Amino acid sequence: MTAIDRSRLPAVGADPRFVFPAIVRHTLPNGLRVCTVEHHSVPVITFTLQIEGGSGADPDGREGLAALVADMADEGTGALNALEVSDALSRIGADYDVEVGGDATDFSLTTLTRFASRGARLLADMVTLPRLMESEFLRVRQLRLDRLRQLKDVASAVAEQTFLRLVYGAHPYAHLAIGSDASLRRVTVDDVVAFHARAVQPSRATLIVCGAMSHDELRQEAENAFAGWSSSGGDGAGGTPAYVPPSGRLVTRLAVVQREAAAQSELRIGQLSTSRVTPDYPALLVMNAVLGGQFVSRVNLKLREEKGFTYGARSGFDWRKGISPFSLQTSVHTASTAEAIADVLAEIGAVQGSRPPSDDEMSLAKASLTRGYPRGFETAQQVARSVAVMALYGLPETYFEEFVPRINGVTSADVVNVATRYLDPSKLTTLVVGDYSAIAESLRSLNLGEPELRTAEF
Amino acid sequence: MTSLAIDLPFTKRTLANGLDVIVHEDRHVPIVAVNVWYHVGSKNERPGRTGFAHLFEHLMFEGSEHYNAGYFPPLQQAGALLNGSTNADRTNYWEVVPTSAIDRALWMESDRMGFLLPALTRERFETQRDVVLNERRQSYENRPYGMVMMALSAALYPPDHPYSWMTIGSAEDIRAMQLEDVQEFFRTYYHPANASLVLAGDVEIERAFELAGAYFGEIPAGVPPKPVSKGAELSSERRLVLEDRVELPRLYLAWHSPAMFAAGDAEMDLLGDLLANGKTSRLYKTLVYDLRIALDVSGYQSSREIGSFFLLVVTAAPGHTLTEIANRIDEELRRVVNEGPSVDEMERAVAQAEAHFMYRLQTVGGFGGKSDQLNAYNVLKGNPGFFAADLDRYRAATRESLQAAARAYLALDRRVALSAIPRGQHALALDGSVAVSVS
């Protein structure tokens, strides 16, 4: 055995070949689109039923309705009451999960392949034929109202909710999926029934089936469970009003939510950017990786590794079909608040031109996005989630194969270009959830004007 | 129902310097998981130095002698995902890399095992001390109910018991730490004889051992540290009340329970599900679904090396007191002690255990992936092949064994009952609770 040469790092070999899973598409006679994906590592299967219309489809004043409808799926269906649904899920060891996004709601059920048929039928019954009984509705709504009350004490939740309101103003995307106390109290079981009838239609849904079976078998499972789902003739969840950009309004440069004696300031610094389907997507991903999207990003290295102000800082896009927010998120020691904000604003300014990404930074950002890409195809759930994203945004069938070359084609000039177009320092909103009395003086040094004082409203 | 054949195959060899090397081949995706456990955690600390094992973990990412510019850049350049964590019993570190970067990952991992100290400067140490203080603020001090587990740990164990403090440590101790403390800690705990390495994924078995030997074989052997052992018991119910920045009162009930893998440990895990996991669980059904006096319940067996605890947590619905909730919980506990679980409950429990063991075989790396599990079994059980036997513990559990465990360990008069309440609202706490504070 030869001794290891520690004078230099071992080189990384050529990227291993990875064959992305094939997706076979079908449309059932009722209009349901079905995507099957074989995944043979362990005998597990995931069904993901994606319904168009998420929290962005909540009617004005009824924010939280889409999430309530989604929550009612496991509260009783057919002959099964809520407890019996829970029992049926446990008996097949199912992992059941609902994700309410801005544009769609994904209902997912993972189980062992030997329980595939039972799992598929259960999911179909829960989502398409929920009982939607008033007694269960009132119980579930009350739990959500109580949860909202608790969120007032969670600094990160306060920051999320307030930031969305600040950047969107009046807009279908301007709220968290859970809604607010006032809007939830307005929602009735009739609203739930009507929303379900409008939105949960086979023609507005995509079913992704990924597991250790052949395409034919996977399709058969889908057909057996979902072919009987008939359209109720609804006209959709209210279209996609969320595409509408917010009307021109004054930007809040600096806002503070008072949190007395808080140990840290929870920060959000960002603005609206663009849609997930923008052709600038690859350049924006690379820009984000350089700026704040990974451990070795400029902002995290500055705030954490150089200054020790925080446990970590990350930036990212909260992607939607319509205009999506970009934000830098971190929680910093109260005493470091103003300096941390100044550092972040300086880094955002720098990436727009005074300090374009160096060759090393570009290579690092691209490598971490591309070389790690196959890692996301390890489990049936991961694959189903990726296919669900393709379905949601109408991405091309070749999306997986094209991802790496598209990222590798991004140049430093492209990054500066998108940073300049989408990050306007004069339109950035800085939100602080923290102890205002302790930081008011230092915030003045930022020259962002008098802060708008907000309260935690849920 | 026939039993599933479900297993996690491996090959284990020990290098001359004492390093355990375990290999598991899985070629589905071209990635390799590198996972290292050091058998050291906050239970190896002493009072006045709490939080040290975790702070040390941070220093492991700051660079080592032969690559002295941070641990992350060369690995992110290779497309790796990486992280580490510290708990009471162990510290783990892992990378998941494309197959093409296995050499680089092993070079980096072995360099920090063998050559950490020359790269450690006072400045890096002090910065990471600040980062950890901020981690403590973010994850504990600035979070609702975030300080409860500190108060609870201190009540469950005497002050000289290493489980009486949490892994994050006290802020005062963290501030007092000095660079000099690091040297001794590294020499005592960070060496091959106190570590275990797993390579899992897209690598041929013999090749994996060859690489492990080449990169780690040259690191000098150390002296295995003495195991920590210490008992603890409660002789009465201790009622405590802690004020917090919260809207609703929450009750925490905690008991001592059998150590990880000891007789009764799996039963307590199953009792956690039976009592508090899912709508059909007894406490959820009674408190949240039927009576609607609580918002949520959770419960679990926290299995640890030298003694576990069993915890139930219930948040009161507005207008309801923790006394009302505690009375109902005690009724349910008496019922499980007197009657045991139903046949239905046992069937559900076994079905869920089998499925969850299968789900655990889906990823090679990361927290909870196959490499992490092999190291857990190797370090904490002395046998990386314990996966199938672990599942058998759950299959072998019976109504009688659960009832016996509930009777033995869930005594109403030997536990800690902590009321976490909104500031100033002491009437919401259990009667007779003594105020505690943590900082």
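Computed from the coordinates by the stated procedures, all read-outs in this text should not be read as laboratory data. Keep in mind it's a predicted model, so treat the numbers as computed, not measured. FYI the Cβ positions are ideal-geometry reconstructions off the backbone, even for glycines, and counts take in every protein chain you see.
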- Inter-label distance, nm, simple model (7 Å from Cα along the C-beta direction), B:S439/B:N68: 4.0
- Message: Is there a quick way to get the dipole size of the protein assembly as shown? I mean about its Cα centre, with the Cβ of Lys and Arg at +1 and of Asp and Glu at -1; what is the value in debye to the nearest 20?
- Response: 700
- Please order B:H161, A:H40 by the number of other Cβ within 10 Å, starting at the fewest. A:H40, B:H161
- So for segment A:254-454: antiparallel DSSP bridges make up what percent, rounded to the nearest 5? 70
- Cα gyration tensor category, rounded, prolate or oblate, for chain B with a/c compared to 1.5: oblate
- Query: Taking Cα atoms, how many degrees apart are the long axis of helix B:265-276 and the longest axis of chain B, rounded to 10 and kept between 0 and 90?
  - Reply: 50
- Simple Cβ-charge dipole of chain A, Lys/Arg +1 and Asp/Glu -1, about Cα centre, in debye nearest 20: 480
- Can you put B:D296, B:D160, B:D372, A:D97 in order, fewest other beta carbons within 10 Å first? B:D160, A:D97, B:D296, B:D372
- Given H placed on each backbone N at 1.01 Å, which residues far from A:G293 in sequence or on other chains put an amide H within less than 5 Å of it? A:S315
- Item | Residue (of B:Y189, B:F61, B:A154) at the positive-pole extreme of segment B:11-216, dipole from beta-carbon charges | B:A154
- Mind listing the phi-derived Karplus ³J(HN,Hα) values for segment B:318-335, rounded to whole Hz, using 6.51, -1.76 and 1.60 with θ = phi - 60°, and x for any glycine or proline? x, x, 10, 9, 5, 5, 4, 5, 4, 4, 5, 4, 4, 4, 5, 5, 4, 5
- Query: Listed here are the pairs B:K279/B:K381; B:K285/B:K370; B:K43/B:K381; B:K226/B:K381; which of them are more than 23 Å apart at the Cα?
  - Reply: B:K279/B:K381; B:K285/B:K370
- Note on the structure: Of the candidates A:G102, A:T77, A:A124, the farthest towards the positive dipole end of segment A:65-204 (Lys/Arg Cβ +1, Asp/Glu Cβ -1, centred on the Cα centre) is A:G102
- Cβ-based net charge around A:L369, under 13 Å, with every Lys or Arg adding one and every Asp or Glu removing one: +2
- Query: In deg cm²/dmol and to the nearest 500, what is the mean residue ellipticity at 222 nm of chain B if only DSSP H runs of at least 4 residues count, each as -39500 (n - 2.57), divided by the residue total?
  - Reply: -11000 deg cm²/dmol
- Item | Euclidean distance between Cα centres, segment B:265-323 to segment B:388-439, Å | 9
- Item | Euclidean distance of C-alpha centroids, segment B:164-186 and segment A:336-359, integer Å | 33
- What percent antiparallel are the DSSP beta bridges of chain B, to the nearest 5? 75
- When chain B is modelled as a GNM with alpha-carbon springs shorter than 10 Å, which of B:G382, B:G18, B:G84 fluctuates the most? B:G382
- Degrees, to the nearest 10: B:122-136 long Cα axis against longest axis of chain B: 20
- Per-residue HN-Hα couplings for segment A:438-444, Karplus 6.51 cos²θ - 1.76 cosθ + 1.60 at θ = phi - 60°, whole Hz, x for Gly and Pro? 7, 10, 3, 4, 5, 5, 4
- Message: Please compute, for peptide B:110-116, the average count of beta-carbon atoms on other protein chains lying within 10 Å of each residue's beta-carbon.
- Response: 1
- Message: Taking the 0 to 90 degree range and rounding to the nearest ten, how far is the long axis of helix B:179-189 tilted relative to the main principal axis of chain B, both from C-alpha atoms?
- Response: 90
- Query: Residue by residue through segment A:320-327, which ³J(HN,Hα) values in whole Hz follow from phi under the Karplus form 6.51 cos²θ - 1.76 cosθ + 1.60 (θ = phi - 60°), with glycine and proline marked x?
  - Reply: 9, 5, x, 5, 10, x, 10, 8
- Task: Just rank A:V200, B:V97, B:V336, fewest to most, by other beta-carbon atoms within 10 angstrom.
- Result: B:V336, A:V200, B:V97
- Note on the structure: Rounded to the nearest 5, the percent of antiparallel DSSP beta bridges in the protein assembly as shown equals 75
- Under 1.5 on a/c is rounded, so check that first for the protein assembly as shown, then, if it is not, pick prolate when a/b is larger than b/c and oblate when it is not; a ≥ b ≥ c are the square roots of the alpha carbon gyration tensor eigenvalues. rounded
- Within chain A, helix-based [θ] at 222 nm, where runs of 4 or more DSSP H residues each add -39,500 (n - 2.57), nearest 500: -11500 deg cm²/dmol
- In the neighborhood of B:A349, defined by Cβ-to-Cβ distances under 13 Å, what is the net charge if each Lys or Arg adds +1 and each Asp or Glu adds -1? -2
- For A:L132, list long-range residues whose amide hydrogen, built 1.01 Å from N in the peptide plane, is under 5 Å from its own amide hydrogen. none
- Item | Amide H contacts under 5 Å for A:V44, placed H, 5+ residues apart | A:T113, A:A212
- Task: Ignore the peptide's own chain and count Cβ atoms of other chains within 10 Å of each Cβ in B:68-81; give me the average, rounded.
- Result: 6
- Message: What is the distance in Å between the Cα centroid of segment B:341-361 and that of segment B:234-260?
- Response: 28
- Message: Using a 10 Å cut-off around each Cβ of peptide A:300-308, what is the average number of partner chain Cβ atoms that fall inside?
- Response: 4
